[in-house]
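The values are calculated or read from the model by the stated rules, or taken from the named source; none is laboratory data. Everything numeric here is computed off the predicted structure, so don't read it as measured data. With ideal geometry, Cβ positions are generated from the backbone for all residues, glycine too; neighbour counts draw on all protein chains shown. Ligands, DNA and RNA are excluded from the accessible area calculation, which covers all protein heavy atoms including side chains. Shrake-Rupley method; radii C 1.70, N 1.55, O 1.52, S 1.80 Å.
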Amino acid sequence: MVTMPNWLAKRASLTPDRKALITKEETWTFRKLHELSKIAANKLAAIGIKDGDHVAVLMGNRPEFLFLLHGLEYIGAVAVLLNTKLAVYELCYQLVDSESKLLIYDDIFEEKAADIFTSIEVKKVRLTDFLSIEEGNADIRSEWQLDRVHTIIYTSGTTGQPKGVMLTYGNHWWSAVGSTLNLGLYSDDCWLCATPIFHVSGLSILLRSVFYGIPVYLVNKFEPCEVNDAIEKQGVTIISVVSQMLMRMVADLGERKYPKSFRCALLGGGPAPKPLLEMCREKEIPVYQTYGMTETASQIVTLSSEYMLTKLGSAGMPLFPAQLRIEKDGAVLPPNEAGEIVVKGPNVTIGYWKKEDATKKNIIDGWLYTGDIGYVDEDGFLYVLDRRTDLIISGGENIYPAEVESVILSHPSVEEAGVVGKDSVEWGQVPVAFVKLFDSQTATKEDIIAHCKERLAKYKVPTDVFFVDHLPRNASNKLMRKELRKWIR
Ligand code: ATP
Ligand code: MG
């Protein structure tokens with residue numbers, strides 16, 4: 001049984017006066033963060049939360065989320081992090097499934113919360129009411145076991161019903177260790193958190209801050225100009241982004257260049273379109289492509305900066321504590337052959353909450369079968385192709401929709417693109433594209449097809465293009481190709 005001292009208490013004793021949390025309005029030191037988290041723990045105790053209880057949180061990126069998260073750690077309760085964009089029906093499912101004893105919700109979700117309570121029975125408390133609860137006497141833990149569950153986070157539900165991923169204290173710890181062994185740690189580091197805390201992407205930034213003793217610059221709502229200002233003027237050195245965020249930041253940056261102090265834009269969450277990567281290379285933006293998932297407590301594979309130019313488009317190599325292999329039909333494949341990405345490491349989840357079958361199927365001898373397809377080159381660099389379920393097989397050839405989408409996206413009139421397979425008597429399946437154009441732009445089906453023909457093998461070129469106003473996305477803004485398949489006429 002491996003134990004560690006209470007993380008935040010330890011950090012507050014080591015470097016109490018260092019900045020822990022920065023928002024546009026206010027700054028908190030680690031001492032203050034520790035004090036406020038103790039208060040949160042005492043309030044949780046006052047309303048009967050005990051060691052091992054599951055407590056759901058429905059909250060945007062606000063400072064109180066941090067106090068609450070650490071408060072829950074202090075008690076030994078498990079935080080169930082809910083995506084605020086989920087529909088009431090989906091929230092009810094996750095609340096019931098996770099067996100949450102209490103829901104703490106941000107006042108701005110009052111309406112959603114009211115609808116939840118007409119559907120299911122769960123104890124609730126609004127954030128402002130929580131803050132005014134008189135403190136009880138929490139038994140603050142001085143240490144914790146690394147194999148205990150720290151958080152339950154549901155997967156995005158891109159390929160099916162979201163699954164509750166159990167992440168342990170050890171998973172989070174090792175994820176942060178792996179990250180810094182790759183990125184390094186500078187004394188002036190400051191990590192901007194604009195991705196949601198309810199995702200591992202945001203949560204992992206908060207935890208790294210405590211481990212590394214560096215501040216989190218917390219952004220409530222992503223606005224490219226605010227984020228650029230934080231990088232150019234407020235000393236932010238690292239930021240975690242998904243491609244849409246980075247695209248908007250680059251557009252806002254215009255002709256300007258980022259200062260040298262900005263040393264890492266960690267880009268993950270989904271496929272990175274090549275045109276974006278090329279644009280960043282031109283503008284000397286230090287992009288670190290990364291691959292990970294809820295099940296790996298954030299990144300597990302990352303492209304180190306020295307390979308940024310030579311391995312453009314690769315997600316990199318497994319982090320120091322992690323391993324990777326590519327498998328097909330039970331055999332490990334040699335370089336340059338595409339198969340399922342399988343990963344292992346101390347940051348990999350112990351399993352899905354109450355889903356023993358899915359756990360047994362996806363995690364075998366510590367190896368996680370990701371459901372993603374990719375290959376490694378002869379130097380061991382991973383290239384993520386797509387999800388197994390979205391693969392299109394046409395005349396015996398594999399087509400990865402992400403590759404076709406990336407090409408369509410490089411057309412200047414295209415804002416969004418989604419590609420799926422359509423049944424074909426002749427070929428089995430053929431790719432078809434759904435395209436959303438920028439408001440002021442026009443393009444015809446023939447334009448898009450001609451653009452693809454110039455850049456793709458013939459069998460990958462969409463046989464049809466449908467122009468649409470929006471593409472089906474889930475609460476994590478991910479393209480849901482399973483919905484798109486239903487749109488095929
Ligand atoms: P569900 O598992 O419920 O279908 P999800 O897989 O979208 O949802 P997340 O854990 O949020 O849930 O997302 C992880 C997935 O995102 C990965 O398995 C992969 O498909 C995709 N992804 C992450 N990073 C990359 C990347 N660099 N390139 C391509 N895809 C990526
Ligand atoms: Mg998944």
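The table below gives the values:
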{"quantity": "³J(HN,Hα), Karplus 6.51/-1.76/1.60, whole Hz, each residue of region 146-162, x for Gly, Pro", "calculated": "5, 8, 7, 6, 9, 9, 10, 10, 7, 5, 5, x, 6, 9, x, 5, x"}
{"quantity": "Region 1-141 - accessible surface per residue (Å², probe 1.4 Å)", "calculated": "45 Å²"}
{"quantity": "Proximal charge balance of Ile285 [Cβ under 15 Å; K/R count +1, D/E count -1]", "calculated": "+2"}
{"quantity": "Distant-in-sequence amide H partners of Ser298 (H built 1.01 Å from N, under 5 Å)", "calculated": "Met293"}
{"quantity": "Lys, Arg +1 and Asp, Glu -1 on Cβ, resulting dipole of the chain about Cα centre, debye, nearest 20", "calculated": "340 debye"}
{"quantity": "Pairs from Lys10/Lys38; Lys274/Lys361; Lys43/Lys123; Lys101/Lys354 whose Cα-Cα separation, in the structure shown, is over 22 Å", "calculated": "Lys274/Lys361"}
{"quantity": "CD proxy at 222 nm, helix term only [per DSSP H run n ≥ 4: -39500 (n - 2.57); per residue of the chain; nearest 500]", "calculated": "-9500 deg cm²/dmol"}
{"quantity": "Size of electric dipole in region 106-228: Cβ of Lys, Arg +1 and of Asp, Glu -1, about Cα centre, debye, nearest 20", "calculated": "480 debye"}
{"quantity": "Overall Cα dimensions of region 159-215, principal axis frame, Å, largest first", "calculated": "42, 24, 17"}
{"quantity": "Estimated vicinal HN-Hα couplings, Hz - region 482-488 in sequence order (Karplus 6.51, -1.76, 1.60; Gly, Pro = x)", "calculated": "5, 6, 4, 4, 6, 7, 5"}
{"quantity": "Percentage relative contact order, region 306-370, counting C-alpha pairs under 8 Å, at least six apart", "calculated": "27 percent"}
{"quantity": "Nonlocal amide H pairs with Ala77, under 5 Å, H built at 1.01 Å", "calculated": "Gly52"}
{"quantity": "Compactness relative to 2.2 N^0.38 Å, alpha carbon Rg of the chain", "calculated": "0.98"}
{"quantity": "Value of relative contact order over the chain, rounded to a whole percent, pairs C-alpha under 8 Å and six or more apart", "calculated": "11 percent"}
{"quantity": "Region 171-273 - convex hull of the alpha-carbon atoms, volume per residue in Å³", "calculated": "102 Å³"}
{"quantity": "Per-selection metrics, region 391-486 (Cα): Rg and Dmax in Å", "calculated": "12.7, 39"}
{"quantity": "Net charge of neighbours whose Cβ lies under 15 Å from the Cβ of Asp53, counting Lys and Arg as +1 and Asp and Glu as -1", "calculated": "+3"}
